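Visitor: I'd like to ask some things about the structure below.
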Amino acid sequence: MKYIILASLLITTLTLSGQQIIPLYEGEIPNSKPTPDEEKTEVKNGMLLVSKISRPTLAIYLPPAAKATGAAVVICPGGGYWVNAIGHEGVDIAKKFNEMGVAAFVLKYRIPSSTTMIDRTIGPLQDAQQAIKVVRQRAKEWNVNAMRIGIMGFSAGGHLASTAGTHYDSAFIDNPNKISLRPNFMILVYPVISLKAYIAHKGSVEQLLGKKPSKALVEYYSNELHIKTTTPPTFLVHASDDNGVKPINSILFYENLIKKKVPAELHIYQKGGHGFGLDNKSTHDQWMDRCRAWMESNGWLEKK
């Protein structure tokens, strides 16, 4: 009963703290099967988790107009493609960005499922592309500069964000007006990057692609293989002792960004493990301060 009450309070806080929560799609959700909504929200080990998501939404967090820089970030929480860790990798991050004058949009993306989707492998990417499209379409309404919209992801959400940043020229959604789906920058925190067996987080691979994916599918979603000169500038954070998602994921992505002369910055902490969100308790250093400095150095926080 204690956890049910706590979950209810956290859900209420989530709803009230967001200035608005909107359906990600107007009308029919693409690539969906007609199934009942079985979404579940619960608290586990102090984390607010949402599972069985089949109706994606976008929670909108806007800074005060006087403080707004025009920059915006779409946030993809982690959760192994099984859940969305919507609290410490979503809402908490959005509020921190608002303090910086950055608009934040927490994406509650669909959980890959052959029960709810025609093609489970593209569902989350469709949602990430749609989120970028919606923010870019409504940029003026939300006091956002359409050329300063980034995407951010944690763990499997980092895989989703990096997929959006490396596969933006292949639209998996209806986009008749040819709105750019390319994020202007990426922020990847302990991200899953590669789905190759010797690197990958096995649970994320199986949940997204199934138990026996083809070699072609694994390579398509191994995002370190798809970096090009137009890949967005990227900020990466990881911990050396991350036993959930190996730090080689961030290292490989960073190395390949540099090879293509894409601006990039990588921070690997000695300790921290996996899933620390804003607060790596092993150090007094705050990675979000480094992220802010990186954004400032690239001009995304300049008021224009």
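The values are calculated or read from the model by the stated rules, or taken from the named source; none is laboratory data. Note that the structure is predicted; figures quoted are calculated from it, not measured. Backbone-built Cβ (ideal geometry, glycine too); neighbour counts: all protein chains shown.
Visitor: Using the structure shown, decide if residue 197 is at pLDDT below 95 and on the phi < 0 side of the Ramachandran plot.
Guide: yes
Visitor: So, one more: Here are 293, 264: which of them is on the phi < 0 side of the Ramachandran plot and without any contact (Cβ under 8 Å) to a residue 12 or more places away in the chain?
Guide: 293
Visitor: Kindly check whether there is at least one residue in segment 91-101 that is at negative phi, of a type in the set (S, T, N, Q), out of contact with any helix residue (DSSP H, G or I) (no Cβ under 8 Å at 6 or more places or on another chain) and in a loop (DSSP other than H, G, I, E, B).
Guide: No, segment 91-101 has no match at all.
Visitor: Looking at (1) under 17 Å from residue 193 (Cα atoms); (2) touching a helix residue (DSSP H, G or I) at 6+ places or on another chain (Cβ under 7 Å), which is the only condition residue 254 fails?
Guide: (2)
Visitor: Any residue that is closer than 23 Å to residue 244 by Cβ and either touching a residue at least 24 places away in the same chain (Cβ under 8 Å) or hydroxyl-bearing (Ser, Thr, Tyr) (or both) - is there at least one of those in segment 52-64?
Guide: Among the residues of segment 52-64, at least one is closer than 23 Å to residue 244 by Cβ and either touching a residue at least 24 places away in the same chain (Cβ under 8 Å) or hydroxyl-bearing (Ser, Thr, Tyr) (or both), which makes the answer yes.
Visitor: Please identify the pairs in which a residue from segment 112-137 that is on the phi < 0 side of the Ramachandran plot and basic (Lys, Arg) has its Cβ atom under 8 Å from the Cβ atom of a residue that is buried (at least 24 other Cβ atoms within 10 Å of the Cβ) and part of a helix (DSSP H, G or I), counting only partners at least 6 apart or on another chain.
Guide: Cβ pairs passing all conditions: 120/208.
Visitor: State all residues of segment 1-49 that are of a type in the set (D, E, K, R) and either assigned to a loop (DSSP other than H, G, I, E, B) or modelled with pLDDT under 50 (or both); if no residue qualifies, say none.
Guide: Of everything in segment 1-49, those that are of a type in the set (D, E, K, R) and either assigned to a loop (DSSP other than H, G, I, E, B) or modelled with pLDDT under 50 (or both) turn out to be 2, 26, 28, 33, 37, 38, 39.
Visitor: Can you list the helices (runs of 4 or more DSSP H) lying wholly within segment 186-280 that have 3 or more residues being polar (S, T, N, Q) and within 25 Å of residue 150 (Cα to Cα)?
Guide: So the answer is 248-259.
Visitor: Next up: Return yes when residue 157 is buried (at least 24 other Cβ atoms within 10 Å of the Cβ) and in a helix (DSSP H, G or I) and no when it is not.
Guide: For residue 157, the condition - buried (at least 24 other Cβ atoms within 10 Å of the Cβ) and in a helix (DSSP H, G or I) - is met.
Visitor: Could you please let me know if residue 303 is at pLDDT below 95, surrounded by fewer than 18 Cβ atoms within 10 Å (Cβ to Cβ) and in a loop (DSSP other than H, G, I, E, B)?
Guide: yes
Visitor: Let me ask you something else. Take the residues in segment 167-202 that are within 14 Å of the chain's Cα centre (by Cα) and of a type in the set (Val, Ile, Thr), then tell me which one is nearest to residue 219 (Cα to Cα).
Guide: Among those residues, the one meeting the criterion is 193.
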